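The values are calculated or read from the model by the stated rules, or taken from the named source; none is laboratory data. This one's a predicted model, so the numbers in the text were calculated from it and none came from an experiment. Don't worry about glycine lacking a Cβ; one is built from the backbone with ideal geometry, like all the others, and counts go over all protein chains shown. With ligands, DNA and RNA removed, areas are computed over all heavy atoms of the protein, side chains included. Shrake-Rupley method; radii C 1.70, N 1.55, O 1.52, S 1.80 Å.
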Amino acid sequence: ATMFMLFMTMSCLMLIFLSCFYHNQKTSPLFISPRRHRLPKLVPPPLPVDGYFDWIKVCFYMSDEEIIHRIGYDALVFLRFHRLALRCIVKMAAFSFIVLLPLNYAGGGHA
């Protein structure tokens, strides 16, 4: 019962915060993107994306200099970290499917 009450309280708080954020986003554009409104000359051109997931391809094939120019150095560090993490996860997943999955199957599957 305690966990249920905690879950319900946190769910209500999350909905309240999300609705406040959505309201501020719609009523005050300065709240979300102040640079676009205060310094319009410094706003980079938008990314060339057409669909919902086209931004993934753009992020992987865009050069580091262009990322710094369009988004900034912080975004470059963030994206490079996630690229590295993705490479590590793909290598570990390949290892687990090629080596560990057959070993688990041959051993009876009882961990």
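Solvent-accessible area of the chain (1.4 angstrom probe, protein heavy atoms only): carbon and sulfur portion equals 71 percent.
Per-residue extension of 0.36 nm, minus the Cα-Cα distance of residue 96 and residue 25, leaves a gain of 21.2 nm for this segment.
On the beta carbon distance between residue 87 and residue 49, with R0 = 22 Å, the FRET formula returns roughly 0.45. Mean residue ellipticity at 222 nm, helices only, the chain: -21500 deg cm²/dmol; runs of at least 4 DSSP H residues each add -39,500 (n - 2.57), and the sum is divided by the number of residues. Taking the square roots of 5 times each eigenvalue of the Cα gyration tensor of the chain, largest first, gives ellipsoid semi-axes of 39, 29, 11 Å.
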